[in-house]
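These notes concern the structure reproduced below.
What follows is calculated from the coordinates using simple rules that are stated; it is not laboratory data. Computed from a predicted structure; not experimentally measured. Methodologically, a virtual Cβ is constructed for each residue, glycine included, from the backbone with ideal geometry; neighbour enumeration extends over all protein chains shown.
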Amino acid sequence: MSARERIEGVDFAVDEHIWGHRLYDEQLPHLTVLEFLGVLGSNQDAPLVEPDKAKARYKPQRQIRLRSLLFNNPYVEMVREKAISDEDKWAHWKELFIAQATGHGDLEIDYLRAVFPTFEDFAKAIDLLRSSAFEARSNKRWSSKFIFPFGPDALYEDLRIDTGGASNDRRFFARTGEILYLMLCRSAKGPELGAKLVDRLYAPSSPLNRLARALQGESQHAPEPRDVGYLPHRSHSRFDTLCEDWLAILSRDMPIYDALEHLIASAGLNMLLYFLECGKSETGDTEPIEIVCEIISRERTKVRALSGDSYHGNQALSERAVQSSIERFTLTPEWEKALASDDPNGQCMLALRQRFQWPPDESDEENDYSQMSGEEMIRMLVKKALSRHGQHFGKIHTAWSRSIGLGSRRLARRTRYAPNDRLLKTLVVSMVDERMQLDEFLHEAKRRYGLVIGDAEGAHLIRDGLIDQEALSDNRDNLESRLMSLGLIRRLSDSCSFVENPFAAGGNS
C-alpha cells in the first residue's frame, strides 16, 4: 500500500484508505464504465499509463447541447405532428426550445438546419439516440441521463445544470470510474488493454457516433483538467484479473457494442470482489472471498439458505473492516509513543489527525477534543466512521451485486447469491476461449471469483456439515441445465459436458 495522502473534501479518511476515493453505491457499474471511458478518452495518447511522478489527469466532455436536445426537449414530438410546413416546424420548435434552454451552452442551435435536411430527419435522429439511453424511464434530472457510448462524441460527464451554471456535483459520477481507470493502469497488462480499448471504442467514423456529433456540433469540455481519484493500492491481484477479463472479452468475435455489456458486468463483478477482498484483508482474515451461489430451479434447494448466509456474511465485511482499521491503529508504535508522551491527549489527537484526518483542527460546539483521552477519541471516531460508512460505502455490496445480476431475492424472503443468465453469459465470455470442460469451468470460477456452485468447489462446506454433497451436486446439475438452455454447453455423455463460447476468437466484427 502506498503512503497515505490527504484526501480533500472529506471530514475524515477511513473508508478511503481501505478502498480508495471513492467507491460509491449510487454509481452502478454502467455509470462507472461511462466515467471510465471519459477519463480514457482524455488520455488517448497514453491510454492506461499512469504518470510516474504525477497524478493522472483528464478533461471531461460536457456535451450540453446533445443531452439537452435528447433529454430536455419534449417539443420535438409535438411539433413533428403539426400539419404545417417544414420551415414552420423548425421555427416553432426553436422558439419552444430556446424558451426553456438553460443558457449554459444550449442556445446556439442554428447549425442543426445545415445538418438535417428536414425536421423529420432531425426528429428521427433524436428518437434513435434517445432510445439507446441508460435508465431512459428513470426520474433522474435530464443532465444525468446518458446515451450508449457509441464513440467519442457520445461521452460526457454527469452534471448539475441550473441558473448558477453547470457543475459536476459527484452524484452519479462519484469518481468510481476514475478508480476503475487507476486499477487498470496498475494492472500488468494495462497499456495493452488501453490500446485495444482506444482502437475499438473511439472510432469517430462509426455511424451512431457521427449522429451524436451531428446533434452536438462542436464538442464542449470542462473548463479545466482535473486529477483522478485516490487508489491506496499500487498493485492488487484483482486489478490483473479484471484486465485479463477485459482483454479476453475484447478478443471475442462480437461487435464492440455487444462486448460493452460484458465489459460492464465484468467491471461490476471484479470491483465488487475488490471491495470484499480489501474489507476482509483489513480485518486480518487472509482466507479468499467465497460466494456460494444458488442456481435457481423450479424447486426450492438446500443451497438457498447457505447462499443467503454467504451473502449476509460478506455484507458485514466492510463494517468490520472500518472498525478494525481504527482499532488496529491503537496497536501501532505511533499510538504507543503518543500514550507514553508528556501530553498523551494532545499527542493522541495529533496521531489520529495524521492517520485519519480527524479530529478537526478546531473543536466543535459539542466536543472539545483537546480534553478527550485517546480512548475516548477512538470510540468517537469509530462511531462517526461507522455512521458515515453506512450512508454509501456500506451499501455497495447490496447495490452492485443486484446490478450485475449476482444478488437476488427471487423466490426467497432474503437476498442471496443467485447469478442470472446475463452474468452467466459474461462468465463464459470472459473465461472460455473456445470450450472448457464443465468441472474445469467451475474450478476456474472459484479460483478467479470465489464462486462456489458444485460439490467439488464446496467440499469444505460438506466436511464442516453445512450442507450435504447431493445438494451441491444438484446445484451443479442445475447450472448445466441453465447453460444448456442458453446454448452455452454441449453434453457429450452423462459424465462429460463442455462449456462452449459461441464468440470464440475469430476476428473482431
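Points worth noting:
- Among T286, T415, T176, T332, a tally of other beta-carbon atoms within 10 Å of each Cβ gives an order, fewest to most, of T286, T332, T415, T176.
- In this calculation the C-beta distance from R210 to R113 is compared with R0 = 30 Å, giving a FRET efficiency of 0.95.
- Segment 406-487: C-alpha gyration tensor shape, a/c 1.5 cut-off, then a/b vs b/c: oblate
- Footprinting exposure proxy for R463, R175 (fewest neighbouring C-beta atoms within 10 Å first): R463, R175
- Checking every one of the trypsin sites (Lys or Arg not before Pro) in segment 1-57 against DSSP loop status and a limit of 15 other Cβ atoms within 10 Å picks out R4, R6, K53, K55.
- Stokes-Einstein diffusion for segment 33-229, with the hydrodynamic radius set to the Kirkwood value over Cα pairs and evaluated at 4 °C in a medium of 1.567 mPa s, equals 73 µm²/s.
- Each label was represented as a point 7 Å from its Cα along the Cα-to-Cβ direction; for Q371 and D45 these points are 5.8 nm apart.
- In Hz, Karplus ³J(HN,Hα) per residue of segment 326-334 (6.51, -1.76, 1.60; θ = phi - 60°; x = Gly, Pro): 6, 5, 5, 5, 6, 9, 8, x, 4
- The distance from the alpha carbon centre of segment 400-436 to that of segment 231-273 is 15 Å, rounded to a whole number.
- Amide H partners (placed H, <5 Å) of L451, local residues excluded: I291, K446
- Segment 408-438 residues near the modelled C496 label - backbone nitrogen below 19 Å, point 7 Å along Cα→Cβ: 434-438
- Modelled this way, with points 7 Å down the Cα-to-C-beta line, the labels at I98 and R328 are 6.3 nm from one another.
- The calculated FRET efficiency for the pair R353 and A83, based on their C-beta separation and a Förster distance of 51 Å, comes to about 0.10.
- Distance from the C-alpha centroid of segment 451-491 to that of segment 119-144: 43 Å, rounded to the whole angstrom.
- Neighbour-limited loop hits for trypsin sites (Lys or Arg not before Pro), segment 367-445 (at most 16 other Cβ within 10 Å; DSSP other than H, G, I, E, B): R409, R410, R413, R414
- The calculated FRET efficiency for A91 paired with R57, based on their beta-carbon distance and R0 = 56 Å, is about 0.80.
- In order along segment 243-253, phi translates into HN-Hα couplings of 4, 5, 4, 5, 4, 5, 4, 5, 7, 6, 8 Hz, rounded to whole numbers, per the Karplus curve 6.51 cos²θ - 1.76 cosθ + 1.60 with θ = phi - 60° and x for Gly and Pro.
- DSSP-assigned coil residues among GluC sites (Glu not before Pro) in segment 249-336, each with at most 11 further Cβ atoms within 10 Å: E299
- Amide N proximity, segment 243-258 versus A505 label position 7 Å along Cα-to-Cβ, cut-off under 14 Å: 244-254
- Overall, the anisotropy analysis places the chain in the oblate class: the square-rooted eigenvalues a ≥ b ≥ c of its C-alpha gyration tensor yield a/c not less than 1.5, with a/b not exceeding b/c.
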